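The values are calculated or read from the model by the stated rules, or taken from the named source; none is laboratory data. Just so we're clear, the structure is a prediction, and the values are computed from it rather than from any experiment. Neighbour counts are summed over all protein chains in view; Cβ atoms, including those assigned to glycine, are modelled from backbone coordinates with ideal geometry.
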Amino acid sequence: MNNNEVKTINSKHEFIYKNRKILIISIIFSLSVFMLIISGYLFFYKKSDENNIKTKDLLEQYQRIISSMQVNKSAKPLSEQSLKDINTFISKNINVYGSMAGMVLAKYYVIHNQLEKAVSALQTSLKSTDDNDLKSIINIRLARIQIEQNKFDEAIKTLSYINDDSWMVIASDIRGEALFKKGEKQKAINEWKKSASTSTSPMRDQIINMKIS
């Protein structure tokens with residue numbers, strides 16, 4: 001081995017010796033980044049798994065509620081404990097499941113002629129959703145009940161919250177009913193004409209025209 005080769009080897013050893021701390025730090029840093037990536041993946045995987053379990057559990061609870069109320073649609077009323085459990089589910093779940101359960105509960109109350117409780121259930125459902133379509137459906141059902149209660153001004157106010165064009169035909173039709181029963185026949189006819197002018201359903205047009213005539 002000549003002198004140049006010896007010097008080269010010595011230089012490499014000297015470089016490694018001087019920079020060993022940097023190398024060690026680099027290795028530790030790389031391992032730390034790798035462990036953070038793995039930990040992050042495991043964390044989000046666990047969260048995703050937990051969310052799937054929660055969603056599945058909510059869906060099962062919702063299905064049990066629907067089944068219990070359908071069974072009792074024409075039979076004897078639900079027990080106080082069953083109604084309490086359903087209301088607890090609705091109050092705890094400020095989401096689509098709670099909102100839909102509230103709508104089904106309202107229908108149950110209507111069938112059993114408990115209109116005030118039906119109104120309360122629908123008002124709770126409104127607080128549980130930000131979906132405009134669902135809000136429109138709830139407000140339409142709420143207005144129909146309020147008309148049954150002879151609360152015509154409240155029904156008209158409820159319908160004013162519907163601002164989605166796809167629901168305006170139905171809203172105008174129901175508003176016409178409220179105005180007609182309130183004794184304001186010309187305003188009712190105007191609402192029905194407005195509804196007929198934007199309707200795309202021949203069946204609905206026929207019904208509205210019968211109301212106008």
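Right, ILE86: surrounded by 20 or more Cβ atoms within 10 Å (Cβ to Cβ), at pLDDT 95 or above and either acidic (Asp, Glu) or assigned to a helix (DSSP H, G or I) (or both) or not?
no
Taking the criterion of being in a helix (DSSP H, G or I), closer than 19 Å to LYS211 by Cα and free of Cβ contacts under 8 Å to residues at least 24 places away in the same chain, would at least one residue in the range 176-186 satisfy it? Reasoning before the result, please.
First, pick out the residues of the range 176-186 that are in a helix (DSSP H, G or I): 176-182, 185-186.
Those still in the list that are closer than 19 Å to LYS211 by Cα too: 176-182, 185-186.
Right, trim to free of Cβ contacts under 8 Å to residues at least 24 places away in the same chain and you get 185-186.
The answer is yes, given that some residue of the range 176-186 is in a helix (DSSP H, G or I), closer than 19 Å to LYS211 by Cα and free of Cβ contacts under 8 Å to residues at least 24 places away in the same chain.
Looking at the range 169-213 only, could you name the residues that are of a type in the set (S, T, N, Q) and more than 21 Å from ASP133 (Cα to Cα)?
Passing the criteria: GLN186, ASN190, SER197, GLN206, ASN209, SER213.
With the structure loaded, tell me whether GLY98 is at pLDDT below 90, assigned to a helix (DSSP H, G or I) and among the small types (Gly, Ala, Ser) or whether it fails that test.
On the way: at pLDDT below 90: yes; assigned to a helix (DSSP H, G or I): yes; among the small types (Gly, Ala, Ser): yes.
Judged against the criteria, GLY98 is a match.
What's the number of the only condition in (1) farther than 25 Å from GLN206 by Cβ; (2) basic (Lys, Arg); (3) surrounded by 16 or more Cβ atoms within 10 Å (Cβ to Cβ) that LYS157 fails to meet?
The single condition LYS157 does not satisfy is (3).
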